[in-house]
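Down below is the structure, laid out as structure tokens.
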Amino acid sequence: MTLGITSIGGMFCGFLSNHIDIAPNYAGTLMAITNTAATLPGITVPIFVGQITHGNQTIGAWRVIFFVTIGLYIIEIFGYTFLGSGEEQPWNKGDKTNNGAVENGEAEATPLNTKETKPSYTNQEE
């Protein structure tokens, strides 16, 4: 159990930093999407545990729950190992038009470390 919990730390370090690796301009959006998907088991697991253990509070019932958890972790490990990538994705740069502006989401596709002056939206006298 200690080894398994320790391994979860490595898993979190990998997939949380991966959002910035694959698409720094959309890391916030990706985090929101993956966090939403990661929250869904928090809704379904109590229902699953309740169905397995209702009227059956035995070690065998809990063993089933732990083996299902282990199986899901193994699927996640292999899925991320073989399908995961840290390479920047082509869609991170956005679609360029002929005049060089970015369509759909210009602000999010602009690199964070530029020294461009941004337009002021305050009321200025002309």
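Here, each number is a calculation from the coordinates, and none is a lab measurement. Since this is a predicted model, take the numbers as computed values, not measurements. Neighbour counts are summed over all protein chains in view; Cβ atoms, including those assigned to glycine, are modelled from backbone coordinates with ideal geometry.
Taking 0.36 nm per residue of separation and subtracting the current Cα-Cα distance, fully stretching the chain between residue 56 and residue 13 would add 11.8 nm.
Modelled spin-label separation between residue 6 and residue 70, with each label point placed 7 Å from Cα along the Cα-to-Cβ direction: 1.8 nm.
Distance between the modelled labels on residue 32 and residue 45, one decimal in nanometres: 2.5 nm (7 Å Cα→Cβ projection).
Here the 3J(HN,Hα) profile of region 63-80, calculated from phi with Karplus coefficients 6.51, -1.76 and 1.60 at θ = phi - 60°, is 4, 4, 4, 5, 5, 5, 4, 4, x, 5, 5, 5, 4, 5, 4, 5, x, 6 Hz, Gly and Pro shown as x. Here the simple spin-label model places points 7 Å from the Cα toward Cβ, and for residue 78 and residue 20 these points are separated by 3.2 nm.
What is the Rg over Rh value, at two decimals, for region 27-82, using alpha-carbon atoms and the Kirkwood definition of Rh? Spell out each step's value before the answer.
Working: Rg = 14.6 Å, Rh = 13.1 Å.
Value, to two decimals: 1.11.
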